[in-house]
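First the structure, in the form of structure tokens, and then the observations on it.
The values are calculated or read from the model by the stated rules, or taken from the named source; none is laboratory data. Note that the structure is predicted; figures quoted are calculated from it, not measured. We place every Cβ from the backbone using ideal geometry, glycine too, and count neighbours over all the protein chains shown. Surface areas here come from the heavy atoms of the whole protein model, side chains and all, with no ligands, DNA or RNA. Shrake-Rupley method; radii C 1.70, N 1.55, O 1.52, S 1.80 Å.
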Amino acid sequence: MRFLLALGLVAVFAWMLLGLRNEPAAPAPARAFTSSQQCRECHEQTYVEWESSWHAMSWIDPEVRKLSSDFANQDCIDCHAPRPVLETGIANRVLPRASRRAEGVDCLTCHLHPDGSIAGTRDVASAACKPVATRDLVSPQFCAPCHDQHGTVKQWQASRFAVPGPDYRSCSDCHMPRLQGDRRDHRMHGGHDLAMLQAAVTLRATRAPGAVPGTVLVELENSGAGHNFPTDERSRAADLFWREQGQTTWRHLARLRNPYRHEVGLPNTELASGDTLRVSIDQAPAGPIEVALFYKLSPYWNDPAAPDPEREAVRVALVSVAP
């Protein structure tokens, strides 16, 4: 009897040990994400891309500092050091954060949910940050809280690129192209990228028939941008110039720019997606001439007729017109 009792106790003890061994481990406490530096541990390549982007430099960019009077214009802080988009919702303007402003538009701006979880393009429970699939993450509306302050997303909605079909392109399709697999380029190519500027527009210039000296017809088509050219920042402008071939002095022909509110009387001359600007050079010299498009990141509201575009701007396109 004692033997059977002892055997039963051993069996119960063994069952308890086995149960404890098979007990599922308690879930690890959720990690608190407080800086983009934490993302570098697993996403080194993406972090390096972001670090070289103008998103990362949105707080320290000297031109932004100058235009905002070193952020004395506090309205600029909202978008240049924002709290997470998902905290305020993609339909609402972002709010400014009080810390880590030097990180600019950082990883957490786009990827942090209000509950502390990480937004991704798919669920990956095995990853350290356990991203949660968030469909809106790559939608144009996700960019709107900052980039629609001057109507860029609305301009896209009015373009052919917003129509479902072969021409459809979202903001991320152009500015965050796919790399390996489903990973996207986080360098955020835009107005600082010459190749992207050149892909946005087409410049043409021809002599009107039967006139020597006569008229040169100039056309600038917004052939590739899914929004106005230029767009978003009112501090940016594009200018058409011409000169006689072999000369160094450029003559101003046209300006494309959305003026600030205090610039009373100046029209918005941005070129909508798909539209073409047509201007003429009357009584052009009989010899060969050149027509060029220059892009300026910081023209302010100076008279465009007297700048030195070769020194102050980036040449986007150049065409020669024969005699």
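At a glance:
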quantity	calculated
Fraction of antiparallel bridges per DSSP, the chain only, in percent to nearest 5	95 percent
Accessible area (Å², 1.4 Å probe, nearest 10) - residue 90	50 Å²
Whole-Å distance, taken between Cα centres, linking the stretch 127-187 and the stretch 55-94	19 Å
Accessible-area value, residue 64, 1.4 Å probe, nucleic acids and ligands omitted, Å²	30 Å²
The stretch 141-228: C-alpha gyration tensor shape, a/c 1.5 cut-off, then a/b vs b/c	prolate
For residue 132, distant residues with modelled amide H under 5 Å away	118, 119, 120
Accessible solvent surface per residue of the chain, calculated while the other protein chains remain in place, 1.4 angstrom probe, Å²	57 Å²
Cα-projected label distance for residue 135 with residue 318, points at 7 Å along beta-carbon direction, nm	5.0 nm
The chain - percent of accessible surface contributed by carbon and sulfur, probe 1.4 Å	58 percent
